[in-house]
Amino acid sequence: MGLITGLLTLPIAPVRGVVWVAEKLHDAAERELHDPAVLRTQLAVLNQEFEAGDITVDEFEREEERLLDRLHAARVGPAHNDRERR
């Protein structure tokens, strides 16, 4: 980037910084959302809640199905999911 371009775009530098931080947060959230280890941990916590009587059978089954779907999607990868949507 040249000196003049740098000076002219200096006022929007904070915006670029905010966009960069937002992109990094989005990437981290996506990794956590699709991380099989995180999903298995959530399944274990769900089982503990069910065994302790904190949630009903319906709540358990609904949440378990959602987590298992996410775990399956994480294993097959995003390319496979894109083909299913078409």
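Taking the stated definitions as given, is PRO78 modelled with pLDDT under 85 and more than 16 Å from the chain's Cα centre (by Cα)?
Here the answer is no, as PRO78 does not meet what is asked.
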Next on the checklist: Pull out all pairs, ordered by first then second residue, where Cβ-Cβ is under 9 Å, the residues are six or more apart or on different chains, the first lies in the range 9-23 and is free of Cβ contacts under 8 Å to residues at least 40 places away in the same chain, and the second is of a type in the set (S, T, N, Q) and open to solvent by less than 100 Å² (accessible area, probe 1.4 Å).
Outcome noted: ARG16/THR9
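Just to verify a result, which residue in the range 1-55, among those that are outside any helix (DSSP H, G or I) and of a type in the set (A, V, I, L, M), is farthest from ALA73 (Cα to Cα)?
MET1
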Next on the checklist: Quick check on my filter: what residues within the range 30-44 are at pLDDT 85 or above and either farther than 15 Å from LEU71 by Cα or among the acidic types (Asp, Glu) (or both)?
Outcome noted: GLU30, ASP35
Next on the checklist: Can you list residue pairs whose Cβ atoms sit under 9 Å apart, with the first residue in the range 37-58 being of a type outside the set (Asp, Glu) and the second being outside any helix (DSSP H, G or I)? Count only pairs 6 or more apart in sequence or on different chains.
Outcome noted: LEU46/ILE55; GLN48/ASP54; PHE50/THR56
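The values are calculated or read from the model by the stated rules, or taken from the named source; none is laboratory data. Please read these numbers as outputs of a predicted model, since none were measured by experiment. Counting neighbours? That spans all protein chains shown, and the Cβs are built from the backbone with ideal geometry, glycine included. Just the protein is used for accessible areas: all its heavy atoms, side chains included, with ligands, DNA and RNA removed. Shrake-Rupley method; radii C 1.70, N 1.55, O 1.52, S 1.80 Å.
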